[in-house]
Amino acid sequence: MRYLSTRGHAGRMRFCEILLEGLAPDGGLYLPEHYPQVDGATLTKWRGLSYAELAFEVLSLYIDDIPPADLKAICAKTYTEQVFGTPEIVPLRPLEEGLYLEALSNGPTLAFKDMAMQLLGNLFEYELGRRFESLNILGATSGDTGSAAEYAMRGKKGVRVFMTSPNGRMSPFQQAQMFSLQDENIHNLAVEGVFDDCQDIVKAVSNDLEFKRQYKIGTVNSINWARLLAQVVYYFAGYFEATSNNAQKVSFAVPSGNFGNVCAGHVARSMGLPIDKLVVATNENDVLDEFFRTGVYRVRGSTDTFETSSPSMDISKASNFERFVFDLLGRDGNKIKALFHDQLASQGSFDLSRDPAFKLAAQRYCFVSGKSIHADRLATIRNVWERFGILIDTHTADGVKVAREHRQPGVPMIVLETALPIKFAETIEEALGMTPPRPSRFDGIEALPRRVKVLPADVAAIKRYIAENVH
């Protein structure tokens, strides 16, 4: 399997090269040259597998430069009941008839990002050990990627993490999870700006090829294909749990900010998983909902990015959206470069509404979308608690609200859970008048000493910090 850039770079890379690379040299994102196809016989064979076994089967289709026995061992080490709390790893919980929650937040940091990040940590350690190399990971987080990456990488040999986050814009619990870590290889950088500023910095540093090579910069954001690939697995797992045979279809509703989570669903569907609809649920920062409704992709500046009660989705530049548009426009790297590099930079938007390909977004790729605001969030949290006795977080509530708008008779709708409610306690208290439970290992976390450096939203300042802290 070889990988290509969405922006047309001539090079073709193998998996372990792009694992450590992040962005392509032309600023594009990596995708496989083709999506391996999974037929009915294979689906039947995979139905009875454990999550770790299923992960191995899916990953094997994309990774041929790690010996199968080693890859199998990495999957077995990653997806355990000890790490994820249940033998099923991602159990389905029914709500009303035909509507399910897929529990993805039982990992070390109580968010779905653990599903991929735990694997990424083990893949990094394996490949760096094989090469006798080290890696400096530069990441951006709006709340959950940061803690998931740091908990996965802490103590890992040959790995340092430099994690940028928007200063003051994460929930108190999210900040405490990250900033309380005292590990020498973990560096928290609170940037004076919004998440998009952090993401822009990561991309700018990654696009400085000389700096990137000198300081061995990699990334754990979902611009890293390995991260997105790991997320494909739980679409297959959810499908198998919700169905009894391969003739059935399911839909997935996905709370979306950076488009990585739902892009993994697009990959699963492109492989042949019988998905009916991929439902994109946004919050007040509705760039993606606007696109799927109108064909216009219009990014917002920092001042127009709302601070909401589902803060991990307070994103106005959806990095992984480029991967989907690449497929939508027939994998034409020149078109993608013109749209994402040239037009977005100069005009801040592009319009595909008159392009015949735009109709394919709904017809061929089955994307639909919707939006949820603060009042919807409160009402949905209240409704799910009062009717089913299940506590959901603010982002999952956005997913449930939009999922209900797109349900079809006879087609199970699976909402991907995003995080446990304790991460957003203030809004849960507003909705229900009660404090959500927290795992005992996080008792008193907000009072722990903090290790964080506040820096301006400036590429040079971040580069300087990295250079001074790489020994």
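The values are calculated or read from the model by the stated rules, or taken from the named source; none is laboratory data. Being a predicted model, the structure only gives us computed values, none of them experimental. For neighbour counting, all protein chains shown are included, and Cβ atoms are generated from backbone atoms with ideal geometry for every residue, glycine included.
Consider region 272-301 and keep the residues that are in contact with a strand residue (DSSP E or B) (Cβ under 8 Å, 6 or more places away or on another chain) and hydroxyl-bearing (S, T, Y). The one that is nearest to Q347 (Cα to Cα) is Y297.
Taking region 122-136, which residues are among the polar types (S, T, N, Q) and in a helix (DSSP H, G or I)?
Taking region 122-136 first, the residues among the polar types (S, T, N, Q) are 122, 134, 136.
N122 - this is the single residue of region 122-136 that is among the polar types (S, T, N, Q) and in a helix (DSSP H, G or I).
Report yes if I414 is modelled with pLDDT of 95 or more, crowded, with 24+ Cβ neighbours inside 10 Å, assigned to a strand (DSSP E or B) and not polar (S, T, N, Q), otherwise no. Here the answer is yes, as I414 does meet what is asked.
Please state which one of R354, R323 is touching a helix residue (DSSP H, G or I) at 6+ places or on another chain (Cβ under 7 Å), among the charged types (D, E, K, R) and not in a strand (DSSP E or B). Walk me through how you get there before you give the answer.
Details: R354 fails: touching a helix residue (DSSP H, G or I) at 6+ places or on another chain (Cβ under 7 Å).
Among R354, R323, only R323 is touching a helix residue (DSSP H, G or I) at 6+ places or on another chain (Cβ under 7 Å), among the charged types (D, E, K, R) and not in a strand (DSSP E or B).
Before we move on, is L128 of a type outside the set (G, A, S), over 30 Å from G155 (Cβ atoms) and surrounded by fewer than 23 Cβ atoms within 10 Å (Cβ to Cβ)? Taking the combined requirement at face value, the residue does not satisfy it.
Filtered by the rule that a residue be buried (at least 19 other Cβ atoms within 10 Å of the Cβ) and either closer than 20 Å to G265 by Cβ or in contact with an Asp or Glu (Cβ under 6 Å, 6 or more places away or on another chain) (or both), region 330-359 gives F340, F358.
Every residue, every condition in (1) touching a strand residue (DSSP E or B) at 6+ places or on another chain (Cβ under 6 Å); (2) closer than 27 Å to L189 by Cβ; (3) surrounded by fewer than 23 Cβ atoms within 10 Å (Cβ to Cβ), yes or no:
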{"residue": "L99", "(1), (2), (3)": "yes, no, yes"}
{"residue": "N106", "(1), (2), (3)": "no, no, yes"}
{"residue": "M115", "(1), (2), (3)": "no, yes, no"}
{"residue": "L120", "(1), (2), (3)": "no, yes, no"}
{"residue": "F124", "(1), (2), (3)": "yes, yes, no"}
{"residue": "F132", "(1), (2), (3)": "no, no, yes"}
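Could you please give the count of residues in region 144-173 that are in contact (Cβ under 8 Å) with a residue 24 or more places away in the chain, at positive phi and touching a strand residue (DSSP E or B) at 6+ places or on another chain (Cβ under 8 Å)?
Of all residues in region 144-173, those in contact (Cβ under 8 Å) with a residue 24 or more places away in the chain come to 144-167, 169-173.
Checking the rest, the ones that are also at positive phi come to 155, 158.
Then drop every residue that is not touching a strand residue (DSSP E or B) at 6+ places or on another chain (Cβ under 8 Å), which leaves 158.
Summing the residues that are in contact (Cβ under 8 Å) with a residue 24 or more places away in the chain, at positive phi and touching a strand residue (DSSP E or B) at 6+ places or on another chain (Cβ under 8 Å) in region 144-173 gives 1.
Residues in region 431-471 that are in a helix (DSSP H, G or I), touching a Leu at 6+ places or on another chain (Cβ under 7 Å) and not β-branched (V, I, T): A431, A461, Y465. Region 209-295 holds helices (runs of 4 or more DSSP H) entirely within its bounds, and those carrying 2 or more residues that are surrounded by 20 or more Cβ atoms within 10 Å (Cβ to Cβ) map to 225-242, 260-271, 287-294.
So that you can scan it fast, the table gives a plain yes or no per residue for (1) part of a loop (DSSP other than H, G, I, E, B); (2) surrounded by fewer than 21 Cβ atoms within 10 Å (Cβ to Cβ); (3) modelled with pLDDT of 95 or more:
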site	(1), (2), (3)
Q37	yes, yes, yes
L43	no, yes, yes
A55	no, no, yes
V58	no, no, yes
D64	yes, yes, yes
A69	no, yes, yes
C75	no, no, yes
Q82	no, yes, yes
I89	yes, no, yes
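Within region 363-371, is there a residue that is without any contact (Cβ under 8 Å) to a residue 60 or more places away in the chain and of a type outside the set (G, A, S)? Steps first, answer last, please.
Of the residues in region 363-371, the ones without any contact (Cβ under 8 Å) to a residue 60 or more places away in the chain are 363-364.
If we keep only those that are of a type outside the set (G, A, S) as well, we get 363-364.
Yes, region 363-371 has at least one match.
Assess whether V454 counts as being touching a residue at least 40 places away in the same chain (Cβ under 8 Å), exposed (fewer than 12 other Cβ atoms within 10 Å of the Cβ), in contact with a strand residue (DSSP E or B) (Cβ under 9 Å, 6 or more places away or on another chain) and not acidic (D, E). In short, yes.
How many residues does region 302-316 hold that are assigned to a loop (DSSP other than H, G, I, E, B), touching a residue at least 40 places away in the same chain (Cβ under 8 Å) and either surrounded by fewer than 23 Cβ atoms within 10 Å (Cβ to Cβ) or over 14 Å from the mean Cα position of the chain (by Cα) (or both)? First the steps, then the outcome.
Step one: of region 302-316, the residues assigned to a loop (DSSP other than H, G, I, E, B) are 305-310, 314-316.
Still in the running and touching a residue at least 40 places away in the same chain (Cβ under 8 Å): 305, 307-310, 314-316.
Going one step further and asking which of them are either surrounded by fewer than 23 Cβ atoms within 10 Å (Cβ to Cβ) or over 14 Å from the mean Cα position of the chain (by Cα) (or both), we end up with 305, 307-310, 316.
So the answer is 6.
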